[in-house]
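A short worksheet on the structure shown next.
No lab work stands behind these numbers, since they all come straight from the coordinates. Source: prediction; values computed, not measured. Cβ: placed from backbone, ideal geometry, glycine included. Neighbour counts: every protein chain shown.
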Amino acid sequence: MTPATRQEVLGLYRKVLQIAKNWQSASGQIEESMREKEYIRNEARTLFRKNKNVTDPKLIKQYIEECEARIEIGLHYNIPYPRPIHLPPMGLAHKQGRTLRHQEKLRKISKPIYLKSHDEVS
């Protein structure tokens, strides 16, 4: 990891922790705000520690973009949790064969960047 990339990652980590420190829930309830603050801190710790040994520049760039997207979406909607995706159900596909594999591949490709690591940790 280059020193510039390291500084960018550490800056994002500090930014997430600062957001958690100043977070107010949409409902304004103190208990809910505390739960959401704790969620933000735990999610940041978990994901940053999980990816601390990543050395591939493309993968690092992808994780940085994911972090920035989750920050922007969280601040915009005032929801710290990843927003769910709405894809059509796979109920119409055959239970085996090419069609199912093709639909699974399309679902994986269509997943937004801000949900990729959330599913890995959950």
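Project the alpha carbons of region 3-85 onto their principal axes and report the range along each, largest first, in whole Å.
41, 26, 18
How much length is gained on full extension from I64 to I30, taking 0.36 nm per residue of separation minus their Cα-Cα distance?
Details: separation 34, 0.36 × 34 = 12.24 nm, distance 3.06 nm.
Here the segment from I64 to I30 would lengthen by 9.2 nm.
Need one number: nm distance between label points at L17 and Y81, each 7 Å from Cα along Cα→Cβ, rounded to one decimal.
2.6
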